[in-house]
Amino acid sequence: MLGVRLKDYEGVAGKTIIEEIHNLGEALQGYKILHINSTRVGGGVAEILQSLVPLMQETGLAAKWEVISADPEFFNTTKLFHNGMHGQAVDISGAMLESYLATAEKNRHLLQQDSDLIVIHDQQPLGLTASRAESDARWLWYCHVDPRYAVPAVWYFLAPMIAACDAAVFHLPEYACDLPLLQYYMPPAIDPLSDKNREVTTEEYNGILDKLKIDPEGPPVILQVSRFDRLKDPAGVIEAFKLVRQHYSCRLILAGGSADDDPEGATVLEEVRALAEGDRDITILALNPEAHLEINVLQRHAEVVVQKSLREGFGLTASEALWKGKPLVATPTGGLAHQVLDEQTGLTAETVEEVAARIGYLLENPDIARQLGAAGREHVRQHYILPVYLRNWLKLLLLLDGRRNN
Ligand code: UDP
């Protein structure tokens, strides 16, 4: 991944878009953009920033990425916020809110006085908005979840901080909120040249399967890759798999790791392990956050990929699987509904029974599975790969900065 240049994306994205990026970037030379989030590894935001920031720099922007530091109590609180943003009833005490704000205060030094734009990713660093009067920067809140189900206890705590920004960005137009600020939408993207998504050699492929103790000759693999989070419904995937197995010989792999800002991961992993206990057809893989090539190979090795999320901001794991031409069965929630267009770029399913039926259908119809996978890959290529995302970012910055001349 090191040393990847914009030009290297021409092969997947075409020349025109790379030229467009350079043209748009001309008006933004030296533009100081500071991204702030809550973890360097694990989860979608970290995944995006790892690839986006170096390319912004290559385009000529002075792009920086800072991560807030916080203690476990803070992340317990923000995980409750996260769950509350997704509609779960959560119990948040006054002491938790105070410590949330105190953590922001401790991270004030991250705000560089001379930024043109400060981008706050998700809710964890939002408390920093208390210091916005100290600089002339514009502030942008980038919401990476589906906010439509947010519970009032969380939303009304966060809303004034969001409103202190100049604008908000959501992944999808339907996520727009009742907020007194400009709102834009911009879906995220995968990096087709990263270790997570690039082509792999036969040696790498075999080596990883060997390391993960996955028999390359075994029955077809059904796969879900996700952090161990109840909103990704790993229990539902296991139930669906058990139904499929009544009719087809197959294996299930649930692969995922943790993120520094997700303290519930270990508990959910234990729950999932308990559900799979003693079942030799189910493999639970707890991966480390740097296991990009492992995820890449698993996705390539899978016969069918599942994303049975109960809520999903966007669902980069779906884009990753589609990019590898895999047939995907996904719940049509949040960004998954935009990626998996039913019977065109994959199959949608809501209940355990529907998920099982559609996995069975794909196992039985490999030609259709291949066609869906190929269409899925093209859909991702057109809309959800890094150069498209960078171009969207540059357009947004020009818009925000008032320097757009067409
Ligand atoms: N991911 C990873 N290791 C894991 C689980 C997930 O690297 O064990 C990556 C995954 O490949 C994807 C991102 O983290 O790039 C997850 O993004 P997504 O939008 O699917 O979900 P989020 O975790 O942000 O809710």
Checklist entry - In debye, nearest 20: dipole of the chain around its Cα centre with unit charges on the Cβ of K, R (+) and D, E (-)? => result 600
Checklist entry - Any idea what the alpha-carbon Rg over 2.2 N^0.38 Å comes to for segment 254-301? => result 1.22
Checklist entry - In deg cm²/dmol, rounded to 500, what helix-only [θ] at 222 nm does the chain give when every DSSP H run of at least 4 residues adds -39500 (n - 2.57) and the total is split over its residues? => result -13000 deg cm²/dmol
Checklist outcome for this item: The FRET efficiency for residue 163 and residue 27, from their Cβ-Cβ distance with R0 = 25 Å and rounded to 0.05, is 0.30
Checklist entry - Stretch residue 133-residue 350 to full length: gain in nm at 0.36 nm per residue minus the Cα-Cα span? => result 73.5 nm
Checklist entry - When all C-alpha to C-alpha distances in segment 312-352 are sorted into bins of 10 Å, what percent of pairs does each bin hold, rounded to whole numbers? => result 34, 60, 5
Checklist entry - Tell me, what are the semi-axes, in whole angstrom and largest first, of the equivalent ellipsoid of segment 231-322 as set by the roots of 5 times the Cα gyration tensor eigenvalues? => result 20, 17, 14
Checklist outcome for this item: In whole Hz, the Karplus estimates of ³J(HN,Hα) for segment 294-304 (6.51, -1.76, 1.60; θ = phi - 60°; x where Gly or Pro) are 4, 5, 4, 5, 4, 5, 5, 7, 5, 7, 9
Next on the checklist: Check which residues have an amide H placed less than 5 Å from residue 334's amide H, if you skip close sequence neighbours.
Outcome noted: 312
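Counting only protein heavy atoms, what percent of the accessible surface of the chain is carbon or sulfur at a 1.4 Å probe? Mind showing how you got there, number by number?
Numbers: 8360 of 16870 Å².
Answer for the chain: carbon and sulfur cover 50 percent of the accessible area.
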Checklist entry - Using the scaling law 2.2 N^0.38 Å as the reference, what is the normalised Cα Rg of segment 125-240? => result 1.56
Item to check | Cα convex hull volume per residue for segment 124-165 (Å³) | outcome: 71
Checklist entry - Among the GluC sites (Glu not before Pro) within segment 127-225, which fall in a DSSP loop and have no more than 13 other Cβ atoms within 10 Å of their own Cβ? => result 199, 217
Next on the checklist: I'd like to know how segment 16-90 sits against the 2.2 N^0.38 Å rule of thumb: what's its Cα Rg over that expected value?
Outcome noted: 1.46
Checklist outcome for this item: Computed over all unlike Cα pairs, the Kirkwood hydrodynamic radius of segment 221-283 in Å stands at 12.0
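Do any chymotrypsin sites (Phe, Trp or Tyr not before Pro) in segment 115-194 lie in a loop, going by DSSP, with at most 10 other beta-carbon atoms within 10 Å of their beta carbon, and if so which?
Working: sites: 139, 141, 142, 149, 155, 156, 157, 170, 175, 184, 185; in loops: none.
Qualifying residues, ordered by number: none.
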Next on the checklist: Which three extents, in angstrom, do the Cα atoms of segment 264-406 have along their principal axes, listed largest first?
Outcome noted: 63, 38, 28
Next on the checklist: Please list, in order along segment 70-78, the HN-Hα scalar couplings obtained from phi with the Karplus expression 6.51 cos²θ - 1.76 cosθ + 1.60 (θ = phi - 60°), rounded to whole Hz, x for Gly and Pro.
Outcome noted: 7, 8, x, 4, 4, 6, 5, 5, 6
Next on the checklist: Strictly greater than 19 Å: what percent of every Cα pair in segment 276-348 meets that?
Outcome noted: 40
Checklist entry - Can you give the Rg to Rh ratio for segment 336-406, taking only C-alpha atoms and Rh from Kirkwood? => result 1.23
Item to check | Translational D in µm²/s for segment 61-120 (Stokes-Einstein at 25 °C, 0.890 mPa s, Kirkwood Rh from C-alpha pairs) | outcome: 185
Item to check | Accessible area (Å², per residue) of the chain, counting only protein heavy atoms and a probe of 1.4 Å | outcome: 42
Next on the checklist: Can you give me the long-range amide H partners of residue 185? Hydrogens built in the peptide plane at 1.01 Å from N, cutoff under 5 Å, separation of 5 or more residues or another chain.
Outcome noted: 170
Next on the checklist: What are the ³J(HN,Hα) couplings of segment 360-376, residue after residue, when phi is run through the Karplus curve with 6.51, -1.76, 1.60 and θ = phi - 60°? Round to Hz, x for glycine and proline.
Outcome noted: x, 4, 5, 5, 7, 10, x, 5, 5, 4, 5, 4, 4, x, 5, 5, x
Checklist entry - In terms of modelled amide H atoms, which long-range or inter-chain residues lie less than 5 Å from the amide H of residue 307? => result 329, 330, 331
Next on the checklist: Can you order the peptides 119-129, 390-400 by their average number of other Cβ atoms within 10 Å per residue, highest first?
Outcome noted: 119-129, 390-400
Checklist entry - Using mean Cβ contacts within 10 Å as the protection proxy, how do 258-270, 321-333 order, highest first? => result 321-333, 258-270
Next on the checklist: Using 0.36 nm times the number of residues separating residue 101 and residue 364, minus their current alpha carbon distance, what extension gain do you get?
Outcome noted: 89.3 nm
Checklist entry - Cα convex hull of segment 26-146: how many Å³ per residue? => result 105
Item to check | segment 84-178 - Debye-derived log10 I(q)/I(0), Cα point model, q = 0.11, 0.12, 0.26 Å⁻¹ | outcome: -0.32, -0.38, -1.45
Checklist entry - Where the convex hull is taken over the Cα atoms of segment 174-251, what is its projected area averaged over directions, in nm²? => result 9.0
Checklist outcome for this item: Sparse-neighbourhood loop hits (GluC sites (Glu not before Pro), segment 318-406; DSSP loop; Cβ within 10 Å at most 16 others) -> 343, 350
Item to check | Interatomic Cα distance distribution for the chain, bins of 10 angstrom, percent | outcome: 5, 22, 32, 25, 13, 3, 0
Item to check | Angle between the chain longest axis and helix 234-245 axis [Cα atoms, degrees, rounded to 10] | outcome: 20
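The values are calculated or read from the model by the stated rules, or taken from the named source; none is laboratory data. As the structure is a prediction and not an experimental result, all values here were calculated from the model. Because the Cβ atoms are built from the backbone with ideal geometry, glycine has one as well, and the counts that use them run over all protein chains shown. The protein model used for the area step is the full one, side chains on, heavy atoms only, and it has no ligands, DNA or RNA in it. Shrake-Rupley method; radii C 1.70, N 1.55, O 1.52, S 1.80 Å.
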